There are 2 protein chains.
Amino acid sequence: MSVPEPGPAPGARRRRRRATITTVAAAAGVAPSTVSRAFSNPGRVNHVTRAHVLAVAEELGYAPNPAAQALESGRTSTVALVVPDITNPYFSGVVKGAERAAAEARLTLVIGDAQENPVHEERLVRRLGPAVDGFVLTASRMPDDVLERVSELNRIVLVNRASPGLTSVVADFASGTRQIVAHLASHGHRSFVFLGGPAESWSGARRWAGLRAAAEEHGLEATRFGPWTPTIASGPAAADAVLATGATAVVAHNDVLAIGVLQRLAERGVRVPQEVSVVGFDDVFGADFCHPPLTTLAERTTEAGARAVEALAALTRPGALPTGGDAPVRVLPTQLVVRASSGPAPR
Amino acid sequence: MSVPEPGPAPGARRRRRRATITTVAAAAGVAPSTVSRAFSNPGRVNHVTRAHVLAVAEELGYAPNPAAQALESGRTSTVALVVPDITNPYFSGVVKGAERAAAEARLTLVIGDAQENPVHEERLVRRLGPAVDGFVLTASRMPDDVLERVSELNRIVLVNRASPGLTSVVADFASGTRQIVAHLASHGHRSFVFLGGPAESWSGARRWAGLRAAAEEHGLEATRFGPWTPTIASGPAAADAVLATGATAVVAHNDVLAIGVLQRLAERGVRVPQEVSVVGFDDVFGADFCHPPLTTLAERTTEAGARAVEALAALTRPGALPTGGDAPVRVLPTQLVVRASSGPAPR
DNA sequence: ATGAAAGCGCTAACAT
DNA sequence: ATGTTAGCGCTTTCAT
């Protein structure tokens, strides 16, 4: 029997020690501070020295250690994006936009999943807080007072959520819901059912408030059901509740729920839109190829993610000039995408 | 004209200075090291002192600064997950699984988007390298030699990619492709077209190799087209190419491409599956409600993400015991989900 | 333009 | 069980 090789574990192969600023300085024959400047203060070093330092650094595979940079400067060049559920396709757009804006501002983006849970969300912020320059909280479920407490320690920008004193980027739900109701009214619907999402959802509340107001304007009757977890799996229960009322139109909290409803309606032999019209929110991946394709309110999610990161980057910059007035709320337009899931009310 | 208030910018409200270990130590009347131990070495401090320290820390809103922790210990308790495209729903499962496993191992997860670009991917690893304990690279597009170089400095675990000496978690494409071909053969198809994804895609290569081998076994003829970017937008071009050949069956690189193909076929009045059968890979969100619902090879993506993070966590632990032999490749089963997009070959 | 030196918040010997 | 001390890698005055 042979003695096992005392080599490193598989996959745990011997790793080269990471080059530090000191290594590079020694190799380049300069002081550590010069190497530092060559990287983070290019103006204040002779550009031939700088070129030399950079070449040596490249050769040694040196990359600045963010932890050490952060320690001294206090800035981490990292921002965190927190979403309620990363598997919800709605957030893909936000993530993409945030990623692009972060790259442009030379920031590293960290993504956290709050798991639809305010407690988890707060823990996440607390945990990540010291490691990042700020947070973009998407559809935050934390109550206003918690947000306020949290914002004492952290820079915060909200997406699809507003809270006193905090910068936010929100979709224009007032206009959006008016578009939805006008669309239904023009097709002769006299009433509709709203399938509500989570009770703590700020945008859910805005959606319902907008729908109610618009319904009143158009003389429609609006009823709210729910709350439901906005997943496809909630579709059957929601759809069945609607069918029991004989409603001619349904507006769902979001597309995922709406798609679940469509599936259930098909299962029960209810024709859409002949018997029931269905409208969603978000225009997620899949809304255009589900059956029938879904009429939905499109938001500029990519832009929202990008704007939020830009706003955060602005807050991070040393000068963050007082512009006076309240914390800015940026409202992004929404647009109703009419597809085959909605049509004339049955006679 | 009144002079503008010199107050802080909106949203940039005065922020409390973060409590440090020294602040807490002073307030609790102990040494900084005791505070440190109270948090990260509970066993070695009197539990009443510990309780007191923790209470004071809580009151001051103290949270350990990860940057400082990382600096001394070298470990960051953070792992990075890199995906080619965060908006691709395929990766949602991987992300979710990775997130769960990271939480269980008390690791913070950072998500990076390689933007389908090997160069960007390498830059990302370089940039994030010093800030994390290791990487899970999903469907990495980096060539083997680059991976080897990169792994000298970083702990790496691969998902749906294998490379000499590296730990990886892959789907069982050999079995999966056999299932697909057997399904088509049993429906009387004599040949099929494979719509290839990106040329650098390792799993794409595995898929094609598996399909070819299985086709040979079953006496089917297999042709490869492409490469195509695996997006819905590539669907029309891919579908048109297929139609020109008169093929009776199409296997697409992944579901997103397959859905694009389905849309185009519908547009051109080609009936699925009566005239053409369509099969995808991945079973992503949407595969069950597109029209017609897509036959596809399901992978255990959530499990893959979780296993990869667990493997990485194991590599990170001090002991990382040599188990001998090659770096482990973990193969996860795949399963063909038969839906309405595939059926008997036309006569 | 560059170097020397102090210190960011924390951990890890080493003392007590 | 707790305190003291010396850095981790980097940035930042302050000299030169």
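The values are calculated or read from the model by the stated rules, or taken from the named source; none is laboratory data. Worth saying up front: this structure is predicted, and the values here are computed from it rather than measured. Using ideal geometry, Cβ is built from the backbone for each residue, glycine included, and neighbour counts are taken over all protein chains shown. When the accessible area is computed, the model is the full protein with side chains, heavy atoms only, and any ligands, DNA or RNA have been set aside. Shrake-Rupley method; radii C 1.70, N 1.55, O 1.52, S 1.80 Å.
Within the stretch A:312-335, can one find any residue that is assigned by TED's automatic domain parsing to the domain that holds residue A:131, touching a residue at least 60 places away in the same chain (Cβ under 8 Å) and among the small types (Gly, Ala, Ser)? Yes, the conditions are met somewhere in the stretch A:312-335. For the stretch B:60-91, the tally of residues that are more than 10 Å from DNA strand C (Cβ to nearest atom) and within 26 Å of the chain's Cα centre (by Cα) stands at 15. What are the residues in the stretch B:86-105 that are more than 10 Å from chain A (Cβ to nearest Cβ) and assigned to a loop (DSSP other than H, G, I, E, B), if any? Matches in the stretch B:86-105: B:105 only.
Among residues of the stretch A:107-117 being farther than 15 Å from residue A:131 by Cβ and within 10 Å of another protein chain (Cβ to nearest Cβ), the one that is surrounded by the fewest Cβ atoms within 10 Å (Cβ to Cβ) is A:115. Total residues in the stretch A:245-289 satisfying the condition of being small (Gly, Ala, Ser) and under 27 Å from residue A:301 (Cα atoms): the figure is 8.
No other residue among A:30, A:82, A:110 is outside the structural domain of residue A:312 (by TED's automatic domain parsing) and not in a helix (DSSP H, G or I) apart from A:30.
Has the stretch A:28-47 got any residue that is within 16 Å of DNA strand C (Cβ to nearest atom), without any contact (Cβ under 8 Å) to a residue 24 or more places away in the chain and touching a Phe, Trp or Tyr at 6+ places or on another chain (Cβ under 9 Å)? The answer is yes, given that some residue of the stretch A:28-47 is within 16 Å of DNA strand C (Cβ to nearest atom), without any contact (Cβ under 8 Å) to a residue 24 or more places away in the chain and touching a Phe, Trp or Tyr at 6+ places or on another chain (Cβ under 9 Å).
Within the stretch B:253-270, is there a residue that is open to solvent by 10 Å² or more (accessible area, probe 1.4 Å) and of a type in the set (Asp, Glu)? Yes, the stretch B:253-270 contains a residue that is open to solvent by 10 Å² or more (accessible area, probe 1.4 Å) and of a type in the set (Asp, Glu).
For residue B:20, are the conditions met, namely being within 8 Å of DNA strand C (Cβ to nearest atom) and of a type in the set (S, T, N, Q)? Criteria met by residue B:20. Filtered by the rule that a residue be away from DNA strand C (no atom under 16 Å from the Cβ) and either aliphatic (A, V, I, L, M) or within 11 Å of chain B (Cβ to nearest Cβ) (or both), the stretch A:118-134 gives A:119, A:120, A:123, A:124, A:125, A:134. Condition first: within 13 Å of chain B (Cβ to nearest Cβ) and on the phi > 0 side of the Ramachandran plot. Can you find one or more residues in the stretch A:40-58 that meet it? Within the stretch A:40-58, none of the residues are within 13 Å of chain B (Cβ to nearest Cβ) and on the phi > 0 side of the Ramachandran plot. Within the span defined as the stretch B:69-79, every residue fails to be touching a His at 6+ places or on another chain (Cβ under 6 Å) and more than 9 Å from chain A (Cβ to nearest Cβ). Looking across the stretch A:28-48, the residues that are open to solvent by 30 Å² or more (accessible area, probe 1.4 Å) and within 15 Å of residue A:63 (Cβ to Cβ) come down to A:36, A:39, A:40.
Here residue B:23 passes the criteria (1) in contact with a helix residue (DSSP H, G or I) (Cβ under 7 Å, 6 or more places away or on another chain); (2) away from every other protein chain (no Cβ under 12 Å); (3) within 14 Å of DNA strand D (Cβ to nearest atom); (4) modelled with pLDDT of 90 or more except the one numbered (3).
Per-residue answers, yes or no, for (1) without any contact (Cβ under 8 Å) to a residue 40 or more places away in the chain; (2) of a type outside the set (S, T, N, Q):
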{"residue": "A:18", "(1), (2)": "no, yes"}
{"residue": "A:23", "(1), (2)": "yes, no"}
{"residue": "A:50", "(1), (2)": "yes, yes"}
{"residue": "A:78", "(1), (2)": "no, no"}
{"residue": "A:96", "(1), (2)": "no, yes"}
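Quick one: would you say residue B:231 is among the hydroxyl-bearing types (Ser, Thr, Tyr), touching a residue at least 60 places away in the same chain (Cβ under 8 Å) and either in the same structural domain as residue B:212 (by TED's automatic domain parsing) or closer than 13 Å to residue B:342 by Cα (or both)? The answer is no for residue B:231.
The set of residues in the stretch B:305-347 being modelled with pLDDT of 85 or more, more than 13 Å from residue B:155 (Cβ to Cβ) and within 9 Å of chain A (Cβ to nearest Cβ) consists of B:328 alone. When B:257, B:265 are screened for being touching a helix residue (DSSP H, G or I) at 6+ places or on another chain (Cβ under 9 Å), closer than 25 Å to residue A:256 by Cβ and within 14 Å of another protein chain (Cβ to nearest Cβ), only B:257 passes. In the stretch B:56-66 there is at least one residue matching the filter, namely being out of contact with any Leu (no Cβ under 8 Å at 6 or more places or on another chain) and open to solvent by 60 Å² or more (accessible area, probe 1.4 Å). Restricting A:137, A:109 to residues that are modelled with pLDDT of 95 or more and away from DNA strand C (no atom under 16 Å from the Cβ) narrows the list to A:137.
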